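Okay, so here's the structure we're looking at.
Bear in mind that the values in this text are calculations on the coordinates, not laboratory data. Predicted model, so just to flag it, every value in this text is computed and none were measured. Don't worry about glycine lacking a Cβ; one is built from the backbone with ideal geometry, like all the others, and counts go over all protein chains shown.
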Amino acid sequence: MTAKNYLIDMDGVLVSGRHPIPGAPEFIQRLRERERKFLILTNNPMYTPGDLAHRLQSNGLDVNPERIFTSAMATALFMQKQNAGNKVYVIGESGLTTALHNAGFILTDIEPDYVVLGDTFAYNYEFVKKAVRLIVAGARFIATSPDASGPSEGGIVPACGAMAALIEKATSVAPFFVGKPNPLMMRTALNFLDMHSEDTVMIGDRMDTDIIAGVMSGLETYLVLSGVTRREDVARYPYRPSRILGSVAEIEP
């Protein structure tokens, strides 16, 4: 049997809030011992790979920053390839601004070529108003992910997709979403580690982002029930995961 590579969602698959999913540290250890290629994917653009690696290591998961790929990184790489200008107005946190800086973009509100929207700890009305006016003036509108809400310690919070909908309503300009379920995110991640779709598995806890992204990209897909999706939810969708498992603890890479 061909050795598999793995694209792995983070929240709900490896960690839940501030705690590791039972069996996740051992799963990562098995991947390392068997020298499997793997990359942890997240639609969360707020943190740098170094920040996220520290979070995982604090939870007992032996993951280096080089094994983490965020929607912010995918966005910066996509924009680089477009070669359509290097001036960007950003609403987001350090994970997004760092990725754009590293890709050679200039962050400015003076005649930017792009408005890039990510998640942030506090959406500022003045920033949103500026983004609306810049888009109306002709800036291209990109958003890191279509997720309308996300988890927090106190409950769900509005996420990038919700704010993107507000800006779209105000401008009549739809954003281009880079993160999951866009297959672009998957293809960019595969290229990042020189992996191929036919021998790579996507592991995720959401049918509407992780699994559909894997299906559309031609990957084998493993749904784990340690996060958002329940087993009874799966029948509602017109596509199916290759396998359904309780958690990554059940996976022998």
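Data overview
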read-out	value
Cut-off under 5 Å, modelled amide H: who pairs with residue 221 long-range	202, 242, 243
Relative contact order [Cα under 8 Å, 6+ residues apart], the chain, whole percent	21
Rg and Dmax [Cα atoms of the stretch 29-168; Å; Rg one decimal, Dmax integer]	16.2, 53
Mean projected area (nm²) of the alpha-carbon convex hull when the chain is viewed from all directions	13.3
Stokes-Einstein D (µm²/s) once Rh is taken as the Kirkwood radius of the stretch 72-149 over alpha-carbon pairs, at 25 °C in 0.890 mPa s	197
Relative packing of peptides 69-75, 210-216 - highest average C-beta neighbours within 10 Å first	69-75, 210-216
For 67, 32, order by how many other beta-carbon atoms lie within 10 Å, fewest first	32, 67
Exposure proxy ranking, count of Cβ atoms within 10 Å, fewest first, for 192, 177	192, 177
For residue 141, residues with placed amide H under 5 Å, excluding near neighbours	115, 176
198, 93, 250 arranged by Cβ crowding within 10 Å, fewest neighbours leading	198, 250, 93
Whole-number percent relative contact order across the stretch 1-123, with pairs defined as alpha carbons under 8 Å at least 6 apart	23
Value at 222 nm in deg cm²/dmol, rounded to 500, when DSSP H runs of n ≥ 4 in the chain each add -39,500 (n - 2.57)	-9500 deg cm²/dmol
